[in-house]
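The values are calculated or read from the model by the stated rules, or taken from the named source; none is laboratory data. Quantities reported herein were computed from a predicted structural model and do not represent experimental measurements. Cβ placement follows ideal geometry from the backbone for every residue including glycine, while neighbour counts extend to all protein chains displayed.
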Amino acid sequence: MRFMLVLCSLLLSINAFSNSYIHLPVDRDVRCLNDSYQGAVKGNADDVTAFLQCFPKTFYLFSATFASGGAYHHRSAIYDSEIAYAYIQLFFSLNTKQSNYLPLFKIALNGHWEVDAVSYYKQALVTFIEQGPELTVETLKKLDQEQRSSFWFFYFDGPEFSNSIPKEVKTLEVFSQDIFDEAKSVYVYFQETFNSDALR
């Protein structure tokens with residue numbers, strides 16, 4: 001029962017925010033990302049620090065910064081998908097090198113699937129989970145249950161729904177039954193919703 005209340009709360013908060021989006025102040029962060037990118041790629045410590053500090057920390061800032069689908073467009077947003085993809089790749093690479101995995105997951109909280117940058121970010125998460133299931137479990141344990149449910153809502157959201165739970169998620173069961181069970185609960189919710197919609 002408690003889990004269903006959490007799920008309903010998450011769905012309502014996502015819907016409310018998407019319907020009443022406020023333009024977020026991304027101008028400074030976009031300039032910072034653009035200015036620090038080349039140096040961060042080369043490993044300049046100051047640029048690495050600046051790039052990671054300026055990279056969006058929440059789904060809404062991420063969506064505004066990279067002009068993803070929906071109403072989250074900002075005049076300073078990064079519209080070039082190749083640049084967005086390069087920035088996302090660097091974000092994952094730098095955090096992984098620093099063994100700082102939590103920021104990789106926190107962007108997904110209260111998020112939903114969108115085309116372009118959000119879709120690319122989700123694919124980067126899939127790759128991370130495939131390559132590091134144990135690190136994934138350790139990182140997810142640092143989130144509370146509501147945050148983990150929110151993460152899995154983002155993870156399973158998308159234009160198509162798989163008939164079976166993804167393989168990379170199944171591998172998590174080896175490292176934590178609880179984490180896997182939480183993921184499976186959200187997956188089953190999506191499965192039931194998808195099947196219900198298909199019957200209409």
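Would you please name the residue that is nearest to residue 112 (Cα to Cα), looking only at residues in region 57-83 that are part of a loop (DSSP other than H, G, I, E, B) and at pLDDT 75 or above?
Step by step, filter region 57-83, then rank; the result is 58.
Quick one: would you say residue 168 is farther than 30 Å from residue 66 by Cα, crowded, with 16+ Cβ neighbours inside 10 Å and modelled with pLDDT of 95 or more?
No: the conditions fail for residue 168.
How do the helices (runs of 4 or more DSSP H) wholly within region 89-181 filter down when requiring 3 or more residues that are in contact (Cβ under 8 Å) with a residue 40 or more places away in the chain and hydrophobic (A, V, I, L, M, F, W, C): which remain?
Passing ranges, in order: 117-131, 145-156.
Which residue out of 153, 180 is surrounded by 15 or more Cβ atoms within 10 Å (Cβ to Cβ) and closer than 20 Å to residue 62 by Cα?
Residue meeting the stated conditions: 153.
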